[in-house]
Amino acid sequence: MSARAHPDFLWRNPDPRPSYDVVIVGGGGHGLATAYYLAENHGITDVAVLEKGWLAGGNMARNTTVIRSNYLWDESAAIYEHSLKLWEGLSAELDYDLMFSQRGVLNLAHSLHDVREGRRRVNANVLNGVDAEWLDADEARAFCPILEVGGHTRHPVLGATLQRRGGIAKHDHVAWGYARGADALGVDLIQGCEVTGFEITGGRVRAVLTSLGRIAAGTVALAAAGHTSVLAARAGLRLPLQSHPLQALVSELLEPVLNCVVMSNAVHVYVSQAHKGELVMGAGIDPYTSYGQRGSFHVIEEQMSAALELFPIFKRVRVVRTWAGIVDVSPDASPIIGTTPVDGLLVNAGWGTGGFKATPGSGWVYADTIASGRPHPLAEPFGLERFTTGALIDEHGAAAVAH
Amino acid sequence: MQLIECPWCGPRDEIEFRYGGQAGIAYPKDPAALSDEEWAGYVFMRDNPRGWFHERWFHVHGCRTWFSVRRHTVTHEIGRDPGSPRREEFG
Ligand SMILES: Cc1cc2nc3c(=O)[nH]c(=O)nc-3n(C[C@H](O)[C@H](O)[C@H](O)COP(=O)(O)OP(=O)(O)OC[C@H]3O[C@@H](n4cnc5c(N)ncnc54)[C@H](O)[C@@H]3O)c2cc1C
């Protein structure tokens, strides 16, 4: 512990006031980062974050913390790279050790198609100023020595993309760092406050109705991840989102054995080793819609069989815990950020399986959008209109299993 | 793991099925007459309720029948869809 004593509490626990300039619905990573940047970048401090449970107990507590910016399309590369650049200075900015570790992210290729897709993505990344390298199988093995690339496996590794600046961070610290920062700047973080409805007159939102009463608001900004559709429906909106379980698991604690993040879209698994020592593994979503925060066991069985193919060294490792979060998936696997048909009601959702890495960037552009009333340039392509114009940003290749 | 009742084969393990999303999304009667907003509605907008949901499943590794059920998206309880065919009706 540094010379500065750690306080007993990182933020106040205020009662809600009757009215705020900005009410943010959802106290996950995105809501907290948005509140922080509203105060820090725009001087807007008459802000409340309303959280139905406890701060960062949703997907923020459940994700596997993979951070990278090697998305295919220009629009995505721009917003995720902006986020990665913020990560690189975030521990200092928040004065909180986020345990951000740029240990490198490998995306494996197992077929000729994967190889072509991977090389194409490396080229696209480089053109967008995102660091990316193509490794052949031997180079991938040299980078990650316990990876089985040999010809005897069912899914031999033919090569991999590598983003060296990618890595992991400690999710709780990220939430707590933003929460402490926002609180210190005057933002009210209100836990145990569920938004149950909206007061909308003349096409404009005037207030939110909550389990703690009515709270008037100039702007209401949704940051409710998997529950966005439920909230939007209460405002009379239908969004192109489906909520699915996404599962993950951890092993018992091990000595340091895995030095990087390894992901494979084709065999459906990804794995890293957390600072504490557990292996953290995940896969793709369960196919059906759900709000049940649990998934089906066969998804775990399949990801484990894939993991053992790639890492035979893990075959005696025990699984300690499995869980699921509810992720909001959009038709093009890209987020939806911006205004809605209801004046004063903004949405930031659809980050699906991959929004942890975007926490700083998402909060940054959303705060700017709220403050200025027009979309931040990096958020503009991600507006709801794209489903009508057809200007989709299809990131299924970069975002399906890899998060 | 869910146990899903195929109207032809009876209750089977979830891994035999593929999910088909919201039921009752009919192809537009007069596609050429649709505005861009209406197309967006047909192609992209789906209900996403917390509660009972009317949805399609496909018995892909079985008899390959498409059918609908009502499923609760919190409890995962599956109820019969009265509109879905019954075994007797397959003839
Ligand atoms: C298993 C798993 C693994 C993942 N792995 C990765 C990964 O490796 N890398 C990555 O980049 N992303 C990953 N993600 C995705 C990432 O977690 C999410 O995209 C991101 O956390 C969503 O933003 P958030 O933190 O604000 O969401 P959340 O933490 O879910 O915050 C939303 C909050 O809104 C609150 N809320 C909902 N309804 C209401 C209401 N009516 N009133 C008040 N509050 C409400 C909820 O309680 C919740 O706290 C993963 C997700 C899961 C589930």
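The values are calculated or read from the model by the stated rules, or taken from the named source; none is laboratory data. Small disclaimer: the values here were computed from a predicted structure and weren't measured. Note that we place each Cβ from the backbone using ideal geometry, even for glycine, and neighbour counts take in every protein chain shown. Surface accessibility is based on the protein's heavy atoms, side chains included, excluding ligands, DNA and RNA. Shrake-Rupley method; radii C 1.70, N 1.55, O 1.52, S 1.80 Å.
At a probe radius of 1.4 angstrom, the accessible area of region A:298-402 per residue rounds to 36 square angstrom.
Taken residue by residue and averaged, Cβ atoms of other chains lying within 10 Å of the Cβ of A:288-300 number 5. Only protein atoms count toward the accessible area here, which uses a 1.4 Å probe; on the protein assembly as shown, the carbon and sulfur part of that area reaches 53 percent. Other residues whose C-beta falls under 12 angstrom from the C-beta of A:Ala333 contribute a net charge of -4, scoring Lys and Arg +1 and Asp and Glu -1.
The length gained on full extension between A:Glu88 and A:Ser19, counted as 0.36 nm times the residue separation minus their Cα-Cα distance, comes to 21.3 nm.
Please give the average number of partner chain Cβ atoms lying within 10 Å of the Cβ of each residue in A:230-238, rounded to a whole number. Average neighbour count from other chains, rounded to a whole number: 2.
Of the whole protein surface, B:Glu88 contributes about 130 Å² of accessible area at a 1.4 Å probe radius. Largest accessible area first, the listed residues A:Trp87, B:Trp39 line up as B:Trp39, A:Trp87 when surface is computed with a 1.4 Å probe on the assembled protein chains. Interface between chains A and B: roughly 2100 Å² of accessible area buried, both sides summed (probe 1.4 Å, protein heavy atoms only). Only DSSP H runs of four or more residues enter the estimate; each adds -39500 (n - 2.57), and after division by the residues of chain A the mean residue ellipticity at 222 nm equals -9000 deg cm²/dmol. Each other residue within a Cβ distance under 12 Å of A:Gly26 adds +1 if Lys or Arg and -1 if Asp or Glu, for a net charge of -2.
In the complete set of protein chains, residue-level accessible area for A:Leu239 is approximately 10 Å², probe 1.4 angstrom. Counting only cysteine Cβ atoms and a cutoff under 4.7 Å, chain B contains unmatched residues B:Cys63. The sum of -39500 (n - 2.57) across all DSSP H runs of n ≥ 4, divided by the residue count of chain B, sets its helix-only mean residue ellipticity at 222 nm to -2500 deg cm²/dmol. Using DSSP to define loop residues, name the trypsin sites (Lys or Arg not before Pro) in region A:138-186 whose beta-carbon has at most 15 other beta-carbon atoms within 10 Å. Here the sparse-neighbourhood loop sites are A:Arg154, A:Arg164. Straight-line cross-link reach from A:Lys357 at under 28 Å between alpha-carbon atoms covers these lysines, not counting any fewer than eight positions away in the same chain: A:Lys52, A:Lys85, A:Lys170, A:Lys276. Here the Karplus curve 6.51 cos²θ - 1.76 cosθ + 1.60, taken at θ = phi - 60°, turns the phi angles of region A:163-174 into couplings of 10, 5, 7, x, x, 9, 8, 8, 4, 4, 4, 4 Hz, with x standing for Gly and Pro. Here region A:93-168 and region A:236-260 have alpha carbon centers that stand 19 Å from each other.
For the segment A:280-287, counting C-beta atoms of other chains within 10 Å of every residue's C-beta and taking the mean gives 1. Only protein heavy atoms count here; on that basis, with a 1.4 Å probe, A:Phe382 has an accessible area of about 0 Å².
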